[in-house]
Amino acid sequence: HRHLLGIEGLQPYEIETLLDLADQAVALSRQVEKKRNILRGRTQINLFFEASTRTQSSFELAGKRLGADVMNMSVASSSVKKGETLIDTAQTLNAMRPDILVVRHHAAGAVELLARKVGCSVINAGDGAHEHPTQALLDALTIRRNKGRISGLTVAICGDILHSRVARSNMLLLSALGARVRVVAPSTLLPAGIRDMGAEVHTSMKAGLKDADIVMMLRLQRERMDGSFVPSVREYFHYWGLDEEKLAYAAPDALVMHPGPMNRGVEIAPSVADGPRSLIGEQVEMGVAVRMAVLEALSAHLPQH
Ligand code: CP
């Protein structure tokens, strides 16, 4: 592949290969000397039209650890503010001959559209409610390292499924690797057609978390909701927020994940987020490793100028 636009289209063996490469990147990143030169002389531009802490900084670190020159395009102070379109912005940057563009955009499909217009490799860092492939890969790596496998595990993805590209990419990836995937949400936060997407659907935490090996909480994305339906935080936490009481429905050795950013006290209790069963900090570490793995895998297909 020249681009990574989504989990859709990846074969299970390709996902496993990326996870194996990421395991090596974890080992490298834990050394004092963290650099390799696989991308030496290459230029990576991070182009984020939406806010990010984890994804943007880990793509920057990943590129630098592999020796690339990394430039973070500041969209907030760019000519996008003067009305320049997505495609014109991308073609302007493309004329500077980058090798890799890492793109986040609020519109589903925007990153794929952009990939058709530029001559370099493109990585989707999240497009609307469509896909966030490197998030799903880092979640899978975190699960595999803690549980020793993915196949046969029951993973409950809970909360705002409707607006979540993380849920979509995780459903595709985890079911491709043989996990049993459940989505657990109020019916108002489930997308149309969810029952055809291969996951079990539950509309109560008690049933959805029963015997789950992994409980993956999602952020309530209030900024993507129109004003007519924004649940009250207190009510949402009561029914859908993960606290110790609800976590007790899951398997005794269940582990808790959240892609971040978290709304503490909305979808997850602080005591669970910071508790002994939380993998949230480890997910961030795996994020750098997975992005190194993706950059390494794409490096074989980079255009030769
Ligand atoms: N999980 C995730 O994508 O976080 P950021 O929005 O901070 O990049």
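Just to be sure I understand, how many residues within the stretch 251-266 are in contact (Cβ under 8 Å) with a residue 60 or more places away in the chain, assigned to a loop (DSSP other than H, G, I, E, B) and either within 13 Å of the ligand (Cβ to nearest atom) or more than 19 Å from K210 (Cβ to Cβ) (or both)? First the steps, then the outcome.
Initially, the stretch 251-266 is screened for residues in contact (Cβ under 8 Å) with a residue 60 or more places away in the chain, giving 251, 255, 257, 259-261.
Now narrow it down to the ones that are assigned to a loop (DSSP other than H, G, I, E, B): 251, 259-261.
When the remaining residues are screened for being either within 13 Å of the ligand (Cβ to nearest atom) or more than 19 Å from K210 (Cβ to Cβ) (or both), the result is 259-261.
So the answer is 3.
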The stretch 11-38, subset more than 23 Å from the chain's Cα centre (by Cα) and not acidic (D, E), residue surrounded by the fewest Cβ atoms within 10 Å (Cβ to Cβ):
V32
Being part of a loop (DSSP other than H, G, I, E, B), under 21 Å from the mean Cα position of the chain (by Cα) and of a type outside the set (F, W, Y), is that true of even one residue in the stretch 267-274?
yes
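Quick one: is A76 more than 24 Å from R145 (Cβ to Cβ), assigned to a helix (DSSP H, G or I) and within 16 Å of the ligand (Cβ to nearest atom)? It would help to see each step written out before you state the result.
Working: more than 24 Å from R145 (Cβ to Cβ): yes; assigned to a helix (DSSP H, G or I): yes; within 16 Å of the ligand (Cβ to nearest atom): yes.
Taking the combined requirement at face value, the residue satisfies it.
Suppose we filter A107, A129 for residues that are surrounded by fewer than 22 Cβ atoms within 10 Å (Cβ to Cβ), within 14 Å of the ligand (Cβ to nearest atom), assigned to a loop (DSSP other than H, G, I, E, B) and under 18 Å from the mean Cα position of the chain (by Cα); which single one remains?
A129
Filtering the stretch 71-104 down to residues that are of a type in the set (D, E, K, R) and touching a residue at least 40 places away in the same chain (Cβ under 8 Å), which residue is surrounded by the most Cβ atoms within 10 Å (Cβ to Cβ)? If you could, list the steps in order and put the result at the bottom.
Of the stretch 71-104, the ones of a type in the set (D, E, K, R) are 81-82, 84, 88, 97, 99, 104.
When the remaining residues are screened for being touching a residue at least 40 places away in the same chain (Cβ under 8 Å), the result is 97, 99, 104.
On the way: R97: 11, D99: 23, R104: 25.
For the stretch 71-104, the residue satisfying everything is R104.
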Screening A140, A156 for residues that are crowded, with 24+ Cβ neighbours inside 10 Å, at pLDDT 95 or above and part of a helix (DSSP H, G or I) leaves only A140
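Within the group E8, E14, E33, which residue is under 18 Å from S299 (Cβ atoms) and among the acidic types (D, E)? Give the derivation first.
Numbers: E8 fails: under 18 Å from S299 (Cβ atoms); E33 fails: under 18 Å from S299 (Cβ atoms).
From the options E8, E14, E33, the qualifying one is E14.
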The stretch 50-70, residues that are part of a loop (DSSP other than H, G, I, E, B), surrounded by fewer than 20 Cβ atoms within 10 Å (Cβ to Cβ) and over 16 Å from the mean Cα position of the chain (by Cα):
G67
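The values are calculated or read from the model by the stated rules, or taken from the named source; none is laboratory data. The shown structure was predicted, so the numbers you read here are calculated from the model rather than taken from an experiment. Positions of Cβ are backbone-derived with ideal geometry, glycine not excepted, and every protein chain shown enters the neighbour counts.
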